[in-house]
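Worksheet: the structure to be examined is printed underneath.
The values are calculated or read from the model by the stated rules, or taken from the named source; none is laboratory data. Quantities reported herein were computed from a predicted structural model and do not represent experimental measurements. Positions of Cβ are backbone-derived with ideal geometry, glycine not excepted, and every protein chain shown enters the neighbour counts. For accessibility, only protein heavy atoms count, side chains too; no ligands or nucleic acids. Shrake-Rupley method; radii C 1.70, N 1.55, O 1.52, S 1.80 Å.
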Amino acid sequence: QVQLAESGGGLVQAGDSLRLSCAISGRTRSPDPMGWFRQVPGKEREFVAYITPTGSLQYYAESVKGRFTIARDNAKNTVDLQMNSLKPEDTAVYYCAHRDIRGSTYKIDGYDYWGQGTQVTVSS
């Protein structure tokens, strides 16, 4: 079992930056592939970013490419999402997710453990 805990959300203005952090604990393969998703009310949880176990590869949703950066510190068991040039449409609850053996990197079926979420609100 894996436990994930997000932090760093908040209320910011468009153009600002935030850094989200996910603390990873429990029975991981250490390190494990990880992702970030986000969700707004009434919509499906959507893929934001993914990072391989060593951090050597990162995948991003087209909507955040060039603005968001996913990174990890395996010594600290954390994975971060640096969000720059935030837009109102980035407003969502952001979730850290642990990649499963099966499923898609870009879909929720590819992840088996989730954090509680952290709210990011971007005002115009």
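Quick notes
- Rg/Rh (Cα only; Kirkwood hydrodynamic radius) as it applies to the chain: 0.94
- The distance between label points at Ala75 and Lys43 comes to 3.8 nm (points 7 Å beyond Cα on the Cα→Cβ vector).
- Within-14-Å neighbourhood charge of Lys87 [Cβ basis; K, R +1; D, E -1]: -1
- Heavy-atom accessible surface of region 65-124: percent carbon and sulfur, 1.4 Å: 47 percent
- Net charge over other residues, Cβ less than 11 angstrom from the Cβ of Gln58 (K, R count +1; D, E count -1): +2
- Cα centroid separation, region 82-98 to region 63-77 (Å): 12 Å
- Accessible area per residue in Å² at 1.4 Å probe, computed on the chain: 52 Å²
- Relative to the current alpha-carbon distance between Ala23 and Ser56, full extension at 0.36 nm per residue lengthens the span by 10.0 nm.
- Sparsely packed trypsin sites (Lys or Arg not before Pro) within region 49-93, loop by DSSP, other Cβ within 10 Å at most 14: Lys65, Lys76
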